[in-house]
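Following: one structure in structure tokens, then a few remarks.
The values are calculated or read from the model by the stated rules, or taken from the named source; none is laboratory data. Nothing here was measured: the structure is a model prediction, and the numbers come from that model. Cβ placement follows ideal geometry from the backbone for every residue including glycine, while neighbour counts extend to all protein chains displayed. Accessible surface areas use protein heavy atoms only, side chains included; no ligands, DNA or RNA. Shrake-Rupley method; radii C 1.70, N 1.55, O 1.52, S 1.80 Å.
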Amino acid sequence: MVHWTAEEKQLITGLWGRVSVEECGAEALARLLIVYPWTQRFFDNFGNLSSPTAILGNPKVRAHGKKVLTSFGEAIKNLDNLKGTYSKLSELHCDKLHVDPENFRLLGDILIIVLAAHFTKDFTPACQAVWQKLVGLVAHALARKYH
Amino acid sequence: MLTAEDKKLVQQIWGKLGGAEEDVGAEALWRMFHSYPPTKTYFPHFDMSPGSDQIRGHGKKVVAALGTAIKNIDNLSQALSELSNLHAYNLRVDPVNFKPRFSLQFLAQCLQVVLATRLGKEYSPEAHSAVDKFMSAVASVLAEKYR
């Protein structure tokens, strides 16, 4: 059973309220594909991923990034039940998408860097610590139904 | 593998720190201790309060070493040879199954967060990619002599 203090929840929801899910999601997914190019293997049908510029401008990347981060938003609404929230998605990522759970950790770390670049000073060490905890738990929840 | 372009980007990013290297080092360590509490086990003798002289001093050392590595980016193995011995034989910082995700990788993540908070948009996807690759290369060299 995960424990969140009131302060931790505030650090999460407070920051989340200021995040553009569309922009942030697009940026995070694009960076995943740029910084860890092997992750492009999951997106063969996304069209042009041939350069950072192409990836950043790719509409499918943007759309999918938004989708992924919207789902993250659901987790934030259900911080006390991440496992339940991600149960179906976990099965999907294992059975249909065949994504190595290591990729969830990579995306989580990238999201943190995107938030850091966006919020600069406001992304304090305390803030980062809580968010690293969150992305770690989300990655864990997504990996939970793997078999 | 670090391309010529990667090396240039890393040197550029480092150049933008303009004398704040010490602060960057201390902040990266501080963030690492807070986001990844097990890393504190390597510093049981440290004063862990904010602004601690020991954290500042150690941050300065770490950043100086990275600076040296960047100046000798074409020969990381040799440039970091002493530190590689130290980490393997004396410090024995746990490499956690030898996958890239080990304690030094936590420092790499936190260093990137510090760079992102200071540089904002300037910490472009390309720069992010180059620094990530560089820190992986540094971690690899430091792990070379573990066994």
**Message:** Can you list residue pairs whose Cβ atoms sit under 6 Å apart, with the first residue in the range B:129-147 being in a helix (DSSP H, G or I) and basic (K, R) and the second being open to solvent by less than 20 Å² (accessible area, probe 1.4 Å) and at pLDDT 95 or above? Count only pairs 6 or more apart in sequence or on different chains.
**Reply:** B:K133/B:D6
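Taking A:D100, is it open to solvent by 30 Å² or more (accessible area, probe 1.4 Å), modelled with pLDDT under 95 and more than 19 Å from A:V135 (Cα to Cα)?
Answer is no for this residue.
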**Request:** Output the residue which, of all residues in the range B:61-93 that are touching a Ser or Thr at 6+ places or on another chain (Cβ under 9 Å) and over 24 Å from B:G15 (Cβ atoms), is least open to solvent (accessible area, probe 1.4 Å).
**Result:** B:S84
**Prompt:** Which condition number in (1) touching an Asp or Glu at 6+ places or on another chain (Cβ under 7 Å); (2) over 27 Å from A:K145 (Cβ atoms); (3) open to solvent by 60 Å² or more (accessible area, probe 1.4 Å) is the one that A:S50 fails?
**Reply:** (1)
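A quick yes/no check of all residues on (1) surrounded by fewer than 17 Cβ atoms within 10 Å (Cβ to Cβ); (2) away from every other protein chain (no Cβ under 14 Å):
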| position | (1), (2) |
| --- | --- |
| B:L9 | no, no |
| B:Q12 | yes, yes |
| B:L17 | no, yes |
| B:D23 | yes, no |
| B:Y42 | yes, yes |
| B:H45 | yes, yes |
**Asked** Looking at (1) closer than 20 Å to A:G17 by Cα; (2) within 14 Å of chain B (Cβ to nearest Cβ); (3) free of Cβ contacts under 8 Å to residues at least 24 places away in the same chain, which is the only condition A:A126 fails?
**Response** (3)
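Is it fair to say A:T39 is touching a residue at least 60 places away in the same chain (Cβ under 8 Å), crowded, with 16+ Cβ neighbours inside 10 Å and polar (S, T, N, Q)? Working first, answer last.
On the way: touching a residue at least 60 places away in the same chain (Cβ under 8 Å): yes; crowded, with 16+ Cβ neighbours inside 10 Å: yes; polar (S, T, N, Q): yes.
Yes: the conditions hold for A:T39.
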**Item:** Qualifying positions in the range A:11-40 - at pLDDT below 95, assigned to a helix (DSSP H, G or I) and of a type in the set (F, W, Y)
**Value:** A:W38
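Please verify whether A:G57 is surrounded by fewer than 19 Cβ atoms within 10 Å (Cβ to Cβ), within 14 Å of chain B (Cβ to nearest Cβ) and not aromatic (F, W, Y), treating the condition exactly as stated.
Working: surrounded by fewer than 19 Cβ atoms within 10 Å (Cβ to Cβ): yes; within 14 Å of chain B (Cβ to nearest Cβ): yes; not aromatic (F, W, Y): yes.
Yes; evaluated as a whole, the condition is true for this residue.
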**Message:** So, in the range B:102-123, exactly how many residues are in a helix (DSSP H, G or I), facing chain A (nearest Cβ under 9 Å), closer than 21 Å to B:A69 by Cα and open to solvent by less than 10 Å² (accessible area, probe 1.4 Å)?
**Reply:** 6
**Request:** Restricting attention to the range B:74-131, report how many residues are more than 16 Å from the chain's Cα centre (by Cα), modelled with pLDDT under 95 and among the acidic types (D, E).
**Result:** 1
**Prompt:** Regarding A:L89, is this residue more than 13 Å from chain B (Cβ to nearest Cβ), touching a residue at least 24 places away in the same chain (Cβ under 8 Å) and either surrounded by 14 or more Cβ atoms within 10 Å (Cβ to Cβ) or under 25 Å from B:H128 (Cβ atoms) (or both)?
**Reply:** yes
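Determine which member of the set A:F119, A:F43 is more than 14 Å from every other protein chain (Cβ to nearest Cβ), among the aromatic types (F, W, Y) and part of a helix (DSSP H, G or I).
Details: A:F119 fails: more than 14 Å from every other protein chain (Cβ to nearest Cβ).
That would be A:F43, the only listed residue that is more than 14 Å from every other protein chain (Cβ to nearest Cβ), among the aromatic types (F, W, Y) and part of a helix (DSSP H, G or I).
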